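The next block holds one structure in the form of structure tokens; read it before the comments.
Computed from the coordinates by the stated procedures, all read-outs in this text should not be read as laboratory data. This is a predicted model, so every value here is computed, not measured. For neighbour counting, all protein chains shown are included, and Cβ atoms are generated from backbone atoms with ideal geometry for every residue, glycine included.
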Amino acid sequence: MLNSNKKVLVYTLFVLSVSIAYFVYASIAYPPVSENESFLSEVGEGFGEIGLWLLLFIYARTVLKLMIRKGRLSSRILPEYFPSVGSSVINKLLCYLDRTHIYFGIAAVAVILLHIVLMGIPMDILFFPAVLILVVWQALFGLFLTWKYSPKQLKKLSYLVHAQFLTGIMLGIFSYFGHLLID
Ligand code: HEM
């Protein structure tokens with residue numbers, strides 16, 4: 001049986017291999033995308049950078065939790081709640097990050113969507129619709145998690161699909177190769 005770290009590694013390698021294969025196909029099949037230099041695209045570029053930093057910040061919270069053993073890596077694939085441990089400074093920081101996650105999450109979704117709209121990203125390159133779907137997916141299940149009228153079962157499912165690394169790994173790999181194709 002593979003342990004959880006190996007499963008994440010195998011999953012990452014799988015997504016990476018499929019992405020590389022599609023990257024090679026798309027660089028042959030699609031003509032080079034000419035750079036669209038306008039005021040709006042410059043603003044859009046800025047939003048893209050902010051979005052990247054927000055995602056790094058959001059996932060840093062999960063890494064911090066894993067570092068102080070608030071749940072094993074496997075619990076980020078099938079998340080469970082774990083009692084808090086660690087020094088009080090780190091716990092205070094985590095409390096702050098937990099309380100503010102919704103705002104950072106909404107900001108990340110908003111700036112990534114603005115980035116996509118303002119840059120006029122070519123949606124026929126499949127990396128981009130995939131990123132769009134994943135961001136909307138994160139937002140939707142994040143909302144179900146937050147909404148006090150969500151049925152218990154829906155909340156459970158939402159935690160399962162929202163609070164794991166699998167989406168983050170896909171988001172990172174797809175955006176990286178997508179940008180390589182249009183740069
Ligand atoms: C792209 C945007 C987002 C990403 C990448 C993201 C990622 C995550 C991750 C990785 C976790 C698990 C944290 C952990 O325990 O380690 C989480 C939890 C959670 N997220 Fe998000 N999230 C995003 C947007 C949102 C939005 C827009 C909302 C609500 C409107 C939201 C609400 C929640 C809630 C309620 C939890 C569970 C409690 C908690 O851990 O804070 N998220 N999110």
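Tabulated data for the structure shown
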quantity	calculated
Of the DSSP H helices in the chain, those whose Cα atoms cover at least 30 Å axially and whose Kyte score averages 1.0 or more	4-29, 39-67, 88-119
The stretch 1-27 and the stretch 93-110: distance between their alpha carbon centers, rounded to Å	29 Å
Prolate/oblate/rounded call for the chain, Cα gyration tensor, a/c under 1.5 rounded	prolate
Cut-off 15 Å (backbone N to label point 7 Å along Cα→Cβ of Thr100), residues of the stretch 21-58	53-58
Around Leu114: net Lys/Arg minus Asp/Glu count, Cβ-Cβ under 14 Å	-3
